[in-house]
Amino acid sequence: MSKIENRCIAYIFDEMDPSERLEFERELQEDENLLIELESLKRVACNLNGLNCIEPPEAIVNYVKAQAERTSENSTETGSFKYLFASAAVTLFAVMIYGAVFLQDQRTASSSGTQGNEPSVSSLTAAGDFSDTRPESDGSADDISPWVDHDEVIHFHERFNRGSVASVDSMFNSSFDKLTRVNSSETLQRVQQQIHLTGSNR
Amino acid sequence: MRLNKSYDIPVNYEKMKDRELVHLFRKKDDQLAFQELMNRHQAKIYSYIYSMIQNRETANDIFQETFTKVITKMDDTYNEQGKWIAWVMRIAHNATIDHIRKQKRFVDVKSSYDEGSKTDFYDRLPDEDSPGQQEKLELDESTSSLLKHIANLPEEQRTVVMLRHYYEMPFKEIAEITDVSINTALGRMRYALINLRKMFDEEHEKESKYL
């Protein structure tokens, strides 16, 4: 198949760029046989314009339209089922998450209850400023590393979670309420005389 | 909203592009949008199928099969970026070609040559797919005459002529639908026109003889 013959078809059916068209028209002026062939094919192509559209039978068209309606109804039903399943799945997931969190809370509460029965040394350290001096911890139960400060006071407040630390703080603060104010200077002097100084080994 | 009396489809649907109608049908199950699409293209699609098959019953079946696929597969396989009608024509074309190939295969397997009459089984059968034998459609004379000639073209040439005629489809798209190069599509059209010219000439000769 030569390219020029294909270009005849592209020219007849108006599928050429303006520049291609111009170039082809120049070639047509130079080649008489090509021009004759082109005109002949153009006439045949024009004859095809007599071919009219054929309408499909109405019954078939109606059947297709009804089928389209049925299909969209089915897809709507399927869609609502999908929506129902999706909501059920989301609800189930939420319930599971809630259950897991609840169980976790229960476990934490029971373990902190057990810890509460053990004698706690934290009260010993309550006087110290442990909230500032305690070493960093990731808060896991296994990560308990008691440490001793320069006053040789043992600290292991990692046993407590943040809530427990807060309660210890409040206990510490309320312990000041038990102190009585010293009003007479005599009593104060007597107390000062009774102070016994101690020192550490360091 | 004003309704068009002929189809009971709102006038604004007629102004919409295919893409917008397809979107309405897909996303909102808008049946009127689908009906408007049908009204626009049904005759061209049917004409293409009929001109390829030249049998009313088979054309009806293929037309129905085409739209069943269009309705059921639109959500899965149609990409709204492309032309909807090109997608539908590809389905119609594939269904038509499948039918033609099945028919050919059937003939190849079953035909038996008779030495006595020098004909095979199918030579002795009436040709149901020829326009003369079938239940005739009410066609105007020029269409009927042209279809008779087009029916005699080889299948691949017929395809190019019909896709171009009914859809003014660019040769690039025809080449894509028929899985050939653009040069092959142009070449097929050229051969189709040459063959048709020959048929028209023969017809003219016959007519002048009778006159």
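The values are calculated or read from the model by the stated rules, or taken from the named source; none is laboratory data. None of these values were measured; they are calculated from a predicted model. Reconstructed Cβ throughout: ideal geometry from the backbone, glycine too, with neighbour counts over all protein chains shown.
A few notes on this one:
- Qualifying residue in the stretch B:138-154 (condition: within 11 Å of chain A (Cβ to nearest Cβ), at pLDDT 70 or above and under 13 Å from the mean Cα position of the chain (by Cα)): yes
- Test: A:Ser19 is within 8 Å of chain B (Cβ to nearest Cβ) and either of a type outside the set (A, V, I, L, M) or touching a Pro at 6+ places or on another chain (Cβ under 9 Å) (or both): no
Matching residues to (1) buried (at least 16 other Cβ atoms within 10 Å of the Cβ); (2) touching an Asp or Glu at 6+ places or on another chain (Cβ under 6 Å); (3) modelled with pLDDT under 90:
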| site | (1), (2), (3) |
| --- | --- |
| B:Val109 | no, no, yes |
| B:Arg124 | no, no, yes |
| B:His165 | yes, no, no |
| B:Lys198 | no, no, no |
| B:Glu203 | no, no, yes |
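- Set B:Val180, B:Val88, B:Val160: member being closer than 19 Å to A:Glu55 by Cα and modelled with pLDDT of 90 or more: B:Val88
- Residues that are surrounded by fewer than 22 Cβ atoms within 10 Å (Cβ to Cβ) and without any contact (Cβ under 8 Å) to a residue 24 or more places away in the chain within the stretch B:39-60 comprise B:Arg40, B:Gln42, B:Ala43, B:Asn60, listed in sequence order.
- Residues that are in contact with a Lys or Arg (Cβ under 9 Å, 6 or more places away or on another chain) and of a type outside the set (Lys, Arg) within the stretch B:34-56 comprise B:Phe34, B:Gln35, B:Met38, B:Tyr50, B:Ser51, B:Met52, B:Gln54, listed in sequence order.
- Residues satisfying the stated conditions in the stretch A:5-48, i.e. of a type in the set (A, V, I, L, M, F, W, C), under 24 Å from B:Met169 (Cβ atoms) and surrounded by 13 or more Cβ atoms within 10 Å (Cβ to Cβ): A:Cys8, A:Ile9, A:Ala10, A:Ile12, A:Phe13, A:Met16, A:Phe24, A:Leu38, A:Leu41, A:Val44, A:Ala45, A:Leu48
- Matching entry among A:Gln104, A:Gln67 (being within 14 Å of chain B (Cβ to nearest Cβ), modelled with pLDDT of 80 or more and on the phi < 0 side of the Ramachandran plot): A:Gln67
- Within the stretch B:32-81, if we keep just the residues that are within 11 Å of chain A (Cβ to nearest Cβ) and of a type in the set (Ser, Thr, Tyr), the residue that is nearest to B:Ala151 (Cα to Cα) turns out to be B:Ser51.
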